[in-house]
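Trainee: If you scroll down you'll find the structure; I have some questions about it.
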Amino acid sequence: MRWTAPPLVCREAVELVSDFLEGSLPRRERRRLERHLAACDACDAYLEQMRAVIAASGRVTADDLDPDVLEGLVTLFHQYQQES
Amino acid sequence: MEDAELLDRLLGGDETAFTELVRRYHSTLVRVARYYVGTEVLAEDVAQDTWVAVVRGLERFERRSSFKTWLLRICANRARTTAVREHRTIPADPSPAVATVASRRFDEGGMWVDPPVPFTESVEFRSDSGALVTAVRAAISSLGEPQRSVVTLRDVEGLSSDDVASLLGLSVGNVRVILHRGRARVRDIVESSTKGNEQ
């Protein structure tokens, strides 16, 4: 008879969510998590929170560049062009 | 405009192409450098040296990797050299197994007693998705290393886990563990801020 892993509890499920979203969970673990999520609204909400955090991270824009830094780099660029 | 097109223009001596690339990537360079070196000032120096090296070496860039990858590798190599010179210890690899959600939120059987609520249902984020971005940005800034660099490079900059691992000198497995903990911490901080506002 094939050994089946016991169902996950919530405390275990939350530790798998990031790897699940990365697509890096082994197939058996992924299925265990999917079974748990299908039956657990709270862990499904946790997954949604994590998805929202990752999506919002992707919308964080780079810090505005200090104009002095940019000016200094453009000066270096011109110096190099004159040398070469 | 794609990086490749900007590179073509840069090779022709176009200054605006250079400033556009600097605008796109300078803060990422500083982030990578800061992981290795001790201060923001040193990280800024490493990033600026990287641009000089890029302009000097541009004609030798064979485009077998993306410009972004090439640029970040130059920066990481320079930052490592600087870190060795200043005898700096790089942030340690993760310690094994720590719970990322407070144990008081679960009962003895490991089920939620204080379950999370989707951010889309919280008052401050429901009507203003920009507020969530602001909260996430602040939470990422408050992370310690190596979580801050890993989360920034993977989730903010969108680099692959393989690229993050190679730039920060970590194994892909460790990147996954650090990313998991960093994301969980960001989620926790953002969630706490919504609960604080409800009271």
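Quick note: the coordinates plus some simple rules give every number you see, no bench work behind them. Model, not experiment: these values are computed from the prediction. So basically every Cβ, Gly included, is an ideal-geometry build from the backbone, and we count neighbours across all protein chains shown.
Trainee: Test of understanding: in a Gaussian network model of chain B with alpha carbons linked when under 10 Å, which of B:Arg104, B:Arg126, B:Arg85 would top the mean-square fluctuation ranking?
Mentor: Top of the fluctuation ranking is B:Arg104.
Trainee: Using alpha carbon coordinates only, what is the Rg to Rh ratio of segment A:10-83, with Rh defined as the Kirkwood radius?
Mentor: Across segment A:10-83, the Cα-based Rg/Rh ratio is 1.42.
Trainee: Determine the dipole magnitude for chain B: charges of +1 sit on the beta-carbon of Lys and Arg, -1 on that of Asp and Glu, nothing else is charged, the reference point is the Cα centre, and the result goes in debye to the nearest 20.
Mentor: Charge dipole, chain B, about its Cα centre: 540 debye, nearest 20.
Trainee: Can you compute the FRET efficiency between B:Thr134 and A:Leu76 using 1/(1 + (r/R0)^6), with r the Cβ-Cβ distance and R0 = 35 Å? Round to the nearest 0.05.
Mentor: That gives a FRET efficiency of 0.55.
Trainee: Give me the dipole magnitude in Debye, nearest 20, for segment B:3-85 about the Cα centre, with unit charges on the beta carbon: positive for Lys and Arg, negative for Asp and Glu.
Mentor: Using Cβ point charges on Lys, Arg, Asp and Glu, segment B:3-85 gives about 460 debye.
Trainee: State the three equivalent ellipsoid semi-axes of the protein assembly as shown, derived from the C-alpha gyration tensor as the square roots of 5 times its eigenvalues, in descending order and whole Å.
Mentor: 40, 20, 17
Trainee: Projected onto the charge dipole of chain B (+1 at Lys/Arg Cβ, -1 at Asp/Glu Cβ, origin at the Cα centre), which of B:Gly38, B:Trp112, B:Val136 gives the Cα projection farthest towards the positive end?
Mentor: B:Gly38
Trainee: Farthest toward the dipole's positive end in segment A:10-83, which of A:Leu16, A:Leu37, A:Gln49, given Cβ charges of +1 (Lys, Arg) and -1 (Asp, Glu) about the Cα centre?
Mentor: A:Leu37
Trainee: Please report the relative contact order for segment B:41-199, taking Cα pairs under 8 Å with a sequence separation of at least 6, and give it as a percent rounded to a whole number.
Mentor: Dividing the mean separation by the residue count of segment B:41-199 yields 22 percent.
Trainee: What FRET efficiency comes out for B:Glu40 versus B:Ser103 if R0 is 41 angstrom and r is the Cβ-Cβ distance? Round to the nearest 0.05.
Mentor: Approximately 0.70, to the nearest 0.05.
Trainee: A further question follows. Mind checking the full-extension length gain between B:Glu2 and B:Thr16? Use 0.36 nm per residue of separation minus the Cα-Cα distance, one decimal, nm.
Mentor: 3.7 nm is the gain from fully extending B:Glu2 to B:Thr16.
Trainee: Is there a simple number for the mean count of other chain Cβ atoms within 10 Å of the Cβ of residues in A:35-47, and what is it?
Mentor: 3
Trainee: Between segment A:1-30 and segment B:157-180, how far is it from one alpha carbon centroid to the other, in angstrom?
Mentor: Their Cα centres are 21 Å away from one another.
Trainee: Another question about this same structure. No solvent, one uniform scatterer per C-alpha: report log10 I(q)/I(0) for segment B:25-82 via the Debye equation at q = 0.15, 0.24, 0.26 1/Å, two decimals.
Mentor: Values, matching the q order: -0.37, -0.87, -0.99.
Trainee: Then there's this: Non-local amide H neighbours of B:Phe106 (under 5 Å, H modeled in plane, Pro and chain starts lacking H): which ones?
Mentor: Close amide H contacts, sequence-distant or interchain: B:Val113.
Trainee: Which value, in debye to the nearest 20, gives the size of the charge dipole of segment B:54-131 about its Cα centre, when Lys and Arg are +1 and Asp and Glu are -1 at the Cβ?
Mentor: The dipole magnitude comes to about 960 debye.
Trainee: Mind grabbing the base-10 log of I(q)/I(0) for chain B at q = 0.09 Å⁻¹? Debye formula, identical points on the C-alpha positions, no solvent, two decimal places.
Mentor: Summing over Cα pairs of chain B leads to -0.44.
Trainee: I've got another one for you. Per residue of segment B:99-104, in order, report the coupling 6.51 cos²θ - 1.76 cosθ + 1.60 (Karplus, θ = phi - 60°) as ³J(HN,Hα) in whole Hz, putting x for Gly and Pro.
Mentor: Per-residue couplings from phi come out as 6, 9, 10, 3, 5, 5 Hz.
Trainee: Principal axis extents for segment B:103-198, Cα atoms only, whole Å, descending order, please.
Mentor: Computed over segment B:103-198, the largest-to-smallest principal extents equal 42, 37, 19 Å.
Trainee: Using the Cβ atoms and a cut-off under 14 Å, what net charge is assigned to the surroundings of A:Gln82, where Lys and Arg are +1 and Asp and Glu are -1?
Mentor: Around A:Gln82, the surrounding residues sum to -1.
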